[in-house]
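J.: Sharing a structure below in structure tokens format, with a few things to ask.
The values are calculated or read from the model by the stated rules, or taken from the named source; none is laboratory data. The shown structure was predicted, so the numbers you read here are calculated from the model rather than taken from an experiment. So basically every Cβ, Gly included, is an ideal-geometry build from the backbone, and we count neighbours across all protein chains shown.
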Amino acid sequence: MDQKMDLTSEAWLQQRTYARIDLSALRNNYRAYKPYMGSDTGFIAVIKSDAYGHGAVPCAQVAIEEGATMLAVAALSEAVILREAGIKDIPLLILGYTDPALTEYLLAYNLTQTVIDADSGLEYAKQAAQIGKKLTVHIKLDTGMTRIGFSTVPQDLNSSADKIVELKSKEYLILEGMFTHLATAESDPAYAVFQYQSYKKMDQELAKRGVDFRYRHVCNSAGMILYPKMQLDLVRPGITQYGSYPSDAFKKLLPLRPVMNLYSRVVQTRDIEVGTGVSYGLRWKAPGTSKLAVVPIGYADGLHRLLSNRASFLLNGKLAPVVGSICMDRCMIDITGIPETRVGDKVLIFGADETGSIPVETVAQQAETISYELLCAVSPRVMRVYIDEK
């Protein structure tokens, strides 16, 4: 086709489902942190999983404009996408494991790699030496998440410290930072403090052995608000960047705005008689004469199937319950009480606009999961439409 199509036109958007990403809301959320951050504390903008489904490149650009010290992703592939998109003049930390065989890519794209154990760290050093370029790394400590990192339990502390000292001695490794991750920041303060103390013990042990770091970081979104003394050099806000709260308690502390509104459209309406079954398995039957609307969003778009017969969407300012099983590409809603509904009417799946709001946290509870999962699950076929009212 010779003619370039406008994929953000109203006609295009009306044909299916799309996510409206408000970058001005993202800016608002970064600025909401400022009263809680120490004057000497910077922040790492965590934009893994395509910025929690919001689009890594646009969100990275906003984070940089709002003063991020560093960006963080989960995997090498995510980092490469950012570098190839022109995000070059800011440190980029890979939080997860990268096969040392790929060290040449870490160096070529000027990336900072997390070291989770001695074996991989030594191999990074070996590969970097062969290439002749120094690799910047951050040491990951496992202080109680029981996931990845050097163990800090008492019986492992000295051994882990010895291994980190050995890595420090390698000419082609630059040990720039050391960090850990809090398992219960919002739910168990005592355990969060325990993890922080474990981190500090390792830091003190390494200092005795001549190992110092430019950057120390412990706090995630919840940690940076609840434990200001744990902020250290950097904090790593995650979900709060995107306007979702780790728990309800934070709603009074942070004036966040949801960055994503997920929309679809009514594509068909139909009247049905009492007892008519709907969708796969006929799991919902009309309790009386009813009117339904078909909405072209399904589990392939990221709409959790557990929301069948549980969730409601916002249509013309009113809640319309999802009825019957959610299909791969569409679902049905009961619009019996919204008779003015017409084909083409906009449907809000979650988010907030002039017609009302459906918090993503509410939908997550209905799906027996967390908002993080629902946001990350919004699939690539759902078009992202960006607005930015600076």
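J.: Can you find a residue that is closer than 30 Å to Thr341 by Cβ, out of contact with any helix residue (DSSP H, G or I) (no Cβ under 6 Å at 6 or more places or on another chain) and modelled with pLDDT of 95 or more anywhere in region 249-258?
T.: yes
J.: Sticking with this structure for a sec: Tally time: how many residues in region 187-210 are in contact with a Phe, Trp or Tyr (Cβ under 9 Å, 6 or more places away or on another chain) and in contact (Cβ under 8 Å) with a residue 40 or more places away in the chain?
T.: Qualifying residue count, region 187-210: 4.
J.: With (1) without any contact (Cβ under 8 Å) to a residue 40 or more places away in the chain; (2) crowded, with 16+ Cβ neighbours inside 10 Å as the list, and Met224 as the residue in question, which single condition is left unmet?
T.: Condition not satisfied by Met224: (1).
J.: Ser159 is checked against (1) farther than 30 Å from Tyr263 by Cα; (2) among the small types (Gly, Ala, Ser); (3) touching a residue at least 24 places away in the same chain (Cβ under 8 Å) and fails just one. What number does that condition carry?
T.: Here Ser159 clears every test but (3).
J.: Suppose the filter is touching a helix residue (DSSP H, G or I) at 6+ places or on another chain (Cβ under 7 Å) and either closer than 19 Å to Ala101 by Cα or not assigned by TED's automatic domain parsing to the domain that holds Ala72 (or both); does Ala128 pass it? Walk me through it before giving the result.
T.: Values: touching a helix residue (DSSP H, G or I) at 6+ places or on another chain (Cβ under 7 Å): yes; either closer than 19 Å to Ala101 by Cα or not assigned by TED's automatic domain parsing to the domain that holds Ala72 (or both): yes.
For Ala128, the condition - touching a helix residue (DSSP H, G or I) at 6+ places or on another chain (Cβ under 7 Å) and either closer than 19 Å to Ala101 by Cα or not assigned by TED's automatic domain parsing to the domain that holds Ala72 (or both) - is met.
J.: Conditions first: (1) hydrophobic (A, V, I, L, M, F, W, C); (2) buried (at least 19 other Cβ atoms within 10 Å of the Cβ); (3) farther than 17 Å from Gly243 by Cα. Val378 passes all but one, so which condition is the exception?
T.: Every listed condition holds for Val378 apart from (3).
J.: Do we have any residue at all in region 365-375 that's of a type in the set (S, T, N, Q), touching a strand residue (DSSP E or B) at 6+ places or on another chain (Cβ under 7 Å) and in contact (Cβ under 8 Å) with a residue 40 or more places away in the chain?
T.: No.
J.: Residues in region 195-204: is at least one in a loop (DSSP other than H, G, I, E, B), more than 22 Å from the chain's Cα centre (by Cα) and either small (Gly, Ala, Ser) or surrounded by fewer than 22 Cβ atoms within 10 Å (Cβ to Cβ) (or both)?
T.: No, region 195-204 contains no residue that is in a loop (DSSP other than H, G, I, E, B), more than 22 Å from the chain's Cα centre (by Cα) and either small (Gly, Ala, Ser) or surrounded by fewer than 22 Cβ atoms within 10 Å (Cβ to Cβ) (or both).
J.: For the list (1) crowded, with 19+ Cβ neighbours inside 10 Å; (2) part of a loop (DSSP other than H, G, I, E, B), I need the number of the one condition that Ile90 fails.
T.: Of (1) crowded, with 19+ Cβ neighbours inside 10 Å; (2) part of a loop (DSSP other than H, G, I, E, B), only one is false for Ile90: (1).
J.: Sort through Ser325, Ser371 and tell me the only one that's closer than 23 Å to Asn220 by Cα and buried (at least 16 other Cβ atoms within 10 Å of the Cβ).
T.: Exactly one residue qualifies, and that residue is Ser371.
J.: Scan (1) under 25 Å from Thr355 (Cβ atoms); (2) assigned to a loop (DSSP other than H, G, I, E, B); (3) out of contact with any strand residue (DSSP E or B) (no Cβ under 8 Å at 6 or more places or on another chain) for the single condition Lys251 breaks and write down its number.
T.: (2)
J.: Could you tell me how many of the residues in region 287-333 are without any contact (Cβ under 8 Å) to a residue 40 or more places away in the chain, within 21 Å of His54 (Cα to Cα) and either outside any helix (DSSP H, G or I) or in contact with a strand residue (DSSP E or B) (Cβ under 8 Å, 6 or more places away or on another chain) (or both)?
T.: Counting residues in region 287-333 that are without any contact (Cβ under 8 Å) to a residue 40 or more places away in the chain, within 21 Å of His54 (Cα to Cα) and either outside any helix (DSSP H, G or I) or in contact with a strand residue (DSSP E or B) (Cβ under 8 Å, 6 or more places away or on another chain) (or both) gives 2.
J.: Separate question: Checking Gly277 against (1) outside the structural domain of Ser159 (by TED's automatic domain parsing); (2) more than 21 Å from the chain's Cα centre (by Cα); (3) surrounded by 21 or more Cβ atoms within 10 Å (Cβ to Cβ): exactly one of these is not met. Which one?
T.: Of the numbered conditions (1) outside the structural domain of Ser159 (by TED's automatic domain parsing); (2) more than 21 Å from the chain's Cα centre (by Cα); (3) surrounded by 21 or more Cβ atoms within 10 Å (Cβ to Cβ), the odd one out for Gly277 is (3).
J.: Let me confirm something: among Asp203, Asp233, Asp301, which residue is in contact with a Gly (Cβ under 8 Å, 6 or more places away or on another chain) and acidic (Asp, Glu)?
T.: Just a single option satisfies the conditions, and that option is Asp233.
J.: Right, here's the next one. In region 155-180, how many residues are farther than 26 Å from Lys134 by Cβ and not in a helix (DSSP H, G or I)?
T.: So the answer is 2.
J.: Among the numbered criteria (1) over 16 Å from Asp271 (Cα atoms); (2) more than 29 Å from the chain's Cα centre (by Cα), which one does Ile326 miss?
T.: Failed condition: (2).
J.: Working only within region 256-283, note down all residues that are closer than 22 Å to Arg305 by Cα and assigned to a strand (DSSP E or B).
T.: Once the filter is applied, which keeps residues that are closer than 22 Å to Arg305 by Cα and assigned to a strand (DSSP E or B), region 256-283 yields Met260, Asn261, Leu262, Tyr263, Ser264, Arg265, Gln268, Thr269, Gly277, Val278.
J.: So, one more: What about Lys133, is it among the charged types (D, E, K, R), in a helix (DSSP H, G or I) and either in contact (Cβ under 8 Å) with a residue 24 or more places away in the chain or buried (at least 18 other Cβ atoms within 10 Å of the Cβ) (or both)? Break it down into steps so the answer makes sense when it comes.
T.: Details: among the charged types (D, E, K, R): yes; in a helix (DSSP H, G or I): no; either in contact (Cβ under 8 Å) with a residue 24 or more places away in the chain or buried (at least 18 other Cβ atoms within 10 Å of the Cβ) (or both): yes.
It is false that Lys133 is among the charged types (D, E, K, R), in a helix (DSSP H, G or I) and either in contact (Cβ under 8 Å) with a residue 24 or more places away in the chain or buried (at least 18 other Cβ atoms within 10 Å of the Cβ) (or both).
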